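Below you'll find the structure, written out as C-alpha cells, and then a few comments.
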Amino acid sequence: MPFNRFVAIGFVLVLIGAVLPFLIVLRYVPSTFTLNFLAYGTSTVGIFLAVIGVAMHVGNTRKSKRDEWDDDQ
C-alpha cells in the first residue's frame, strides 16, 4: 500500500478521534464507555498509521536519493 494512503487513513482516524470527544463534551452524543474507547482507539491507530506512512515515505526518498557519502558504492 502506498505511503500516502497510510497518511490519509491516519488523518481521517485522528480527525474522528478528535471530533467524537468534542461532540461528547457538547452533549450532542451521549457519553458511553464504548464510544469513549472508540474515540481513543481511532486516535491512537490513526497516529500510528500516519507515523508508519511518513516513515515509509522517508525510507523511499532516502533510497532514491543516494549520494557520495553512502558506503554502498
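The values are calculated or read from the model by the stated rules, or taken from the named source; none is laboratory data. Keep in mind that this is a model prediction, so the values were computed, not measured. With ideal geometry, Cβ positions are generated from the backbone for all residues, glycine too; neighbour counts draw on all protein chains shown.
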Any residue at all in region 5-12 that is out of contact with any Ser or Thr (no Cβ under 9 Å at 6 or more places or on another chain), over 24 Å from ASN60 (Cα atoms) and part of a helix (DSSP H, G or I)? no
Checked region 23-40 for anything in a helix (DSSP H, G or I) and loosely packed, with under 13 Cβ neighbours inside 10 Å; matches are VAL25, PHE33, THR34, PHE37
Kindly establish whether GLY17 is among the small types (Gly, Ala, Ser) and without any contact (Cβ under 8 Å) to a residue 40 or more places away in the chain. yes
Residue identified as touching a Phe, Trp or Tyr at 6+ places or on another chain (Cβ under 8 Å), surrounded by 13 or more Cβ atoms within 10 Å (Cβ to Cβ) and farther than 14 Å from PHE6 by Cα among GLY53, GLY17: GLY17
Please specify each residue of region 41-67 satisfying the condition of being polar (S, T, N, Q) and without any contact (Cβ under 8 Å) to a residue 40 or more places away in the chain. THR42, SER43, THR44, THR61, SER64
Kindly indicate whether SER64 is on the phi < 0 side of the Ramachandran plot and surrounded by 10 or more Cβ atoms within 10 Å (Cβ to Cβ). no
Can you tell me which of GLY17, GLY59 is at pLDDT 95 or above and among the small types (Gly, Ala, Ser)? GLY17
